[in-house]
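Read the figures in this text as sums done on the coordinates, not as results from a lab. The model shown is predicted, which means the values in this text are computed figures rather than measured ones. When we count neighbours, we look across all protein chains shown, and the Cβ atoms used for this are built from the backbone with ideal geometry, even at glycine.
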Amino acid sequence: MTGYGKAETIFRGRKLVCEIRSLNSKSMDLSTRLIPALRAHELDIRTIITSRLERGKVDLAICEQNSLLAGEGQSGASPINWAAAKTYAQQYGEQFGEPVPAEVMAAILRFPDVMKVAEDESEMTDEEWKDMQALLDRAIDAFIAFRTQEGAALQTMFTQKLDGIADLLAQVEPFEKGRVAKIKERLEANLAQLSAETQAQTDRNRLEQEMIYYLEKLDITEEKVRLTNHIKYFRETMGGEGAGVGKKLGFIAQEMGREINTLGSKSNQSEMQIIVVKMKDILEQIKEQVLNVL
C-alpha cells in the first residue's frame with residue numbers, strides 16, 4: 001500500500017503541485033492539505049481518493065510549490081504579505097501616535113499571516129474545478145503506477161520465499177524416513193532392558209497397538225500436504241486482482257505458520273528442528289511484506 005504520486009499545473013498564474021503519499025493501514029486514513037480555493041471541494045476530493053486508492057494512510061497535498069517545499073522543512077526565503085504588515089503598522093501608529101519601532105516591525109513581520117502571501121480564496125469556476133480534477137487524476141495515476149511497480153517487486157520476492165519454504169520442506173523427507181525406524185528401535189531397546197519377568201507379563205499385542213498409535217502421532221504427512229497446498233494457494237492468490245488480496249495472503253500465511261509449528265512440535269530430531277526454524281524465519285519475512293499488499 002505504500003506509494004507516491006505527483007503532478008503539477010498552473011492555477012491563476014501560480015504553479016500548483018499535487019502530491020500523494022501512502023503508508024500501510026487497515027482502512028482508509030486520509031489527511032489533506034489544500035489551497036483555500038479548493039476547500040469547498042474537499043469532500044469531492046476525499047471521495048475520489050477513497051474510491052481509487054481504497055485503503056492506506058494517505059497524505060494528500062495540493063499547494064503552491066513554495067509552500068509545499070516549506071512544509072517539508074526545506075530552506076528558502078518565505079514570501080511576505082506586505083499588505084498585512086502595513087495594516088498592522090498603521091494600527092500601531094493610530095494606537096500609540098508614533099512611528100513603528102524597528103523591534104516592533106520585526107515582530108510584525110513574524111506574524112503567521114504576514115509570513116505568507118495572501119491567497120485568493122474566491123470560489124472556483126467549473127472549468128477550474130475540472131482542471132483540478134485532471135491534476136488529481138494525474139497524481140493518482142502516477143501513484144498507482146508506483147504501487148504497481150512495488151507490487152511486481154513484492155510478487156517476485158514472495159515467489160522466491162515460497163520456493164525457499166518448499167525446498168526446505170523437501171529436505172525434511174530424508175530425515176522423516178529414518179526417524180520412524182529409529183524411534184521403533186529405541187522403544188525395543190528400552191523394552192529389552194526390562195526384567196525377564198516384566199517382559200513375560202507384557203501384552204505384545206497391546207504394545208504393538210500403543211507403538212502404532214505413538215508413531216501415528218509423530219507422522220507429519222498431513223502437515224506436509226497441507227503446507228504444500230497453502231503454498232500453492234498463496235501463489236494463485238498473488239495472481240488475483242482487486243482489493244482484499246493482501247488480507248487473503250495474510251490469512252494464508254497464518255495457516256502456513258500453523259502447519260510449520262506443528263511440524264516443529266512433532267520433530268524429535270535436531271536436523272528437522274533446524275529446518276523448521278529456517279522455514280519460520282522465511283515465513284516471518286513474508287508476513288512483514290504482506291502488510292504492503294492492498
**Prompt:** Using θ = phi - 60° and the Karplus curve 6.51 cos²θ - 1.76 cosθ + 1.60, what whole-Hz ³J(HN,Hα) does each residue of the range 219-231 get, with Gly and Pro shown as x?
**Reply:** 5, 10, 4, 4, 5, 5, 5, 5, 5, 4, 5, 5, 4
**Prompt:** Tally Lys/Arg at +1 and Asp/Glu at -1 over every other residue whose Cβ is under 14 Å from the Cβ of Gly250; what's the total?
**Reply:** +3
**Request:** Give the long-range amide H neighbours of Asn24: residues separated by 5 or more places, or on another chain, with amide H under 5 Å away, using H modelled in the peptide plane at 1.01 Å from N.
**Result:** Lys57
